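A.B. asks: The following block contains the structure, expressed as structure tokens.
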Amino acid sequence: MNILGIETSCDETAVAIYNPNQGIRAHAIYSQTQTHQPYGGVIPELAARDHIRKLVPLVRHVLTEADCAIGDLNGIAYTGGPGLIGAVLVGATFARSLGYARNLPTVAIHHMEGHLLAPFLEKEQPQFPFVALLVSGGHTLLMQVNAIGEYILLGETLDDSAGEAFDKTAKLLGLPYPGGPELAKLAEKGNPKRFQFPRPMMNRPNCTFSFSGLKTHVWQTWLKSNQDEQTRYDIAYAFQESVVDILISKSLRALTQTQCNELVIAGGVSANLRLRQKIAEKFPRTVKVYFPRHEFCTDNGAMIAYAGYLRIAHGERNDLRIISRARWPL
Ligand code: KG4
Ligand code: ZN
């Protein structure tokens, strides 16, 4: 069974083919960084237009890489949301049309469910029930996952997501878009002793997050400083430590609350190396932690193809409606 996965929810056009016997047969990601960089952030209309330009060539490329003809496909999965509506619509329309033309089962996947399932593409797989920390540009939430499709929300952010906080802080410090990974790089050169930033909500006995106050704190610190390169590094370090400590502390709380001993961390911020390092240092040995491989932390087609495979193998197929949602609760 070969499932084509298509992801176009934000600023990456991504395509993959998943086969349960072979795993990911091929995948490709086209990042729109160069398109949006002059504007310092994602411009939704430009994102949609770029997906239109890149999607068909990318599908052809992945089919060739996988040595797969269109006739070898057994199903199609696409991101139906949440995301930038014009961007989602491009992938959704293409996928649904191809599915109709080739009479293939076609399913819309929730983008965050795709992220959640990305660690299942690795050899060692999480066992249910587990806790999932989903940290992306649009979401920060903790969930108890009892089975695929059985999710209990334990807590989420009241304001910015962790990824958004990384991006906005990077912008405050004058870093180019996309700021999150850049900020993480600067943090490596930071002096750990110079600044100590607050850890909002960390000691509240719940799984709720808040990151917007931290961003304000960064701004005030930057304005009061001499604004040199070393200050950038030191602020990046202190900021990253705060975010990582909050994510770790809330995840441990969720594990205690649910009495689970497995944790899945996925979404763009799960690519953060300091987060992985501190988890290795601070987590009790009794807790098993699963991350996707680096390239499947941020947006990719593989996670959508895999989520689609699970649904299609269960006999699911959507009707002919094109599903495209800016907001969509998991
Ligand atoms: O999952 P993702 O690719 O897209 C969304 O679904 O939003 O996540 C993107 C987010 C961005 O906010 C980006 O800054 C953040 O993930 N991110 C990182 C790192 N790599 C990506 N944040 C911190 N450290 C990183 N290494
Ligand atoms: Zn994402």
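The values are calculated or read from the model by the stated rules, or taken from the named source; none is laboratory data. Fair warning: this is a prediction, and the values are worked out from it, not measured in the lab. Quick reminder, even Gly has a Cβ in these numbers, built from the backbone with ideal geometry, and neighbours come from all protein chains shown. What goes into the accessible areas is simple: the full protein's heavy atoms, side chains included, and nothing from ligands, DNA or RNA. Shrake-Rupley method; radii C 1.70, N 1.55, O 1.52, S 1.80 Å.
A.B. asks: For region 133-142, give me each residue that is open to solvent by less than 30 Å² (accessible area, probe 1.4 Å) and in a loop (DSSP other than H, G, I, E, B).
C.D. replies: Of everything in region 133-142, just one residue is open to solvent by less than 30 Å² (accessible area, probe 1.4 Å) and in a loop (DSSP other than H, G, I, E, B), namely Ser136.
A.B. asks: Another question, if that's okay. If you scan region 181-233, which residues turn out to be in a helix (DSSP H, G or I), closer than 28 Å to Gly155 by Cβ and of a type in the set (D, E, K, R)?
C.D. replies: Lys215
A.B. asks: Please go through region 292-308 and give me each residue that is crowded, with 24+ Cβ neighbours inside 10 Å and assigned to a helix (DSSP H, G or I), ordered by number.
C.D. replies: Passing the criteria: Phe296, Ala302, Met303, Ile304, Ala305, Tyr306, Ala307, Gly308.
A.B. asks: Please give the number of the condition Arg276 fails out of (1) free of Cβ contacts under 8 Å to residues at least 40 places away in the same chain; (2) open to solvent by 10 Å² or more (accessible area, probe 1.4 Å); (3) away from ligand 1 (no atom under 16 Å from the Cβ); (4) part of a helix (DSSP H, G or I).
C.D. replies: It fails just one condition, (3).
A.B. asks: Pick from region 87-114 the residues that are among the charged types (D, E, K, R) and closer than 22 Å to Gly71 by Cα: which of them is nearest to ligand 1 (Cβ to nearest atom)?
C.D. replies: The first filter runs over region 87-114 and keeps only residues among the charged types (D, E, K, R), leaving 96, 102, 113.
Among the residues that remain, those that are also closer than 22 Å to Gly71 by Cα are: 96, 102.
Details: Arg96: 21, Arg102: 29 Å.
Among them, the one singled out is Arg96.
A.B. asks: Oh, and also: When Val88 is evaluated against the numbered criteria (1) open to solvent by 20 Å² or more (accessible area, probe 1.4 Å); (2) under 30 Å from Gly174 (Cα atoms), which criterion, by number, is the only one it fails?
C.D. replies: Of everything listed in (1) open to solvent by 20 Å² or more (accessible area, probe 1.4 Å); (2) under 30 Å from Gly174 (Cα atoms), Val88 misses just condition (1).
A.B. asks: Can you tell me how many residues in region 99-109 are under 30 Å from Pro129 (Cα atoms) and buried (at least 21 other Cβ atoms within 10 Å of the Cβ)?
C.D. replies: 4
A.B. asks: So, in region 40-53, exactly how many residues are within 16 Å of ligand 1 (Cβ to nearest atom), of a type outside the set (Gly, Ala, Ser) and surrounded by fewer than 18 Cβ atoms within 10 Å (Cβ to Cβ)?
C.D. replies: So the answer is 2.
A.B. asks: Under 6 Å by Cβ, and 6 or more places apart or on different chains, what pairs join a residue from region 105-125 that is part of a strand (DSSP E or B) with one that is within 15 Å of ligand 1 (Cβ to nearest atom) and aliphatic (A, V, I, L, M)?
C.D. replies: Taking only residues 6 or more apart or on different chains, the pairs are Ile109/Ile304; Ile109/Ala307; His110/Leu330.
A.B. asks: Tell me which residues, restricted to region 8-39, are open to solvent by less than 30 Å² (accessible area, probe 1.4 Å) and within 13 Å of ligand 1 (Cβ to nearest atom).
C.D. replies: Hits for region 8-39 are Thr8, Ser9, Asp11, Thr13, Ala14, Gln32, His36.
A.B. asks: Identify, from the list Gly83, Gly5, the residue that is in contact (Cβ under 8 Å) with a residue 40 or more places away in the chain and open to solvent by 10 Å² or more (accessible area, probe 1.4 Å).
C.D. replies: Just a single option satisfies the conditions, and that option is Gly83.
A.B. asks: Quick check on my filter: what residues within region 185-221 are closer than 24 Å to His36 by Cα and either in contact with a Leu (Cβ under 7 Å, 6 or more places away or on another chain) or among the charged types (D, E, K, R) (or both)?
C.D. replies: The answer is Lys185, Lys215, Trp219.
A.B. asks: Return the pairs, sorted by first residue and then second, in which the second residue is at pLDDT below 95 and not hydroxyl-bearing (Ser, Thr, Tyr), the first residue lies in region 143-156 and is in a loop (DSSP other than H, G, I, E, B) and surrounded by 18 or more Cβ atoms within 10 Å (Cβ to Cβ), the beta carbons are less than 7 Å apart, and the residues are 6+ apart or on different chains.
C.D. replies: none
Let's see how each residue does on (1) open to solvent by less than 60 Å² (accessible area, probe 1.4 Å); (2) at pLDDT below 95; (3) within 16 Å of ligand 2 (Cβ to nearest atom):
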position	(1), (2), (3)
Thr169	yes, no, no
Gln196	no, no, no
Phe209	yes, no, no
Ser212	yes, yes, no
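A.B. asks: What are the residues in region 134-155 that are closer than 21 Å to Lys168 by Cα and aliphatic (A, V, I, L, M), if any?
C.D. replies: Leu134, Val135, Leu141
A.B. asks: If you check Arg253 against the conditions, is it part of a helix (DSSP H, G or I) and free of Cβ contacts under 8 Å to residues at least 24 places away in the same chain?
C.D. replies: So Arg253 does not fit the description; no.
A.B. asks: For region 235-254: of the residues being touching a Leu at 6+ places or on another chain (Cβ under 9 Å) and among the charged types (D, E, K, R), which is most open to solvent (accessible area, probe 1.4 Å)?
C.D. replies: Of everything passing the filter in region 235-254, Arg253 is most open to solvent (accessible area, probe 1.4 Å).
A.B. asks: Hey, Arg96 hits all of (1) under 22 Å from Cys297 (Cβ atoms); (2) of a type outside the set (A, V, I, L, M); (3) more than 17 Å from the chain's Cα centre (by Cα) but one; which does it fall short on?
C.D. replies: For Arg96, the failing item is (1).
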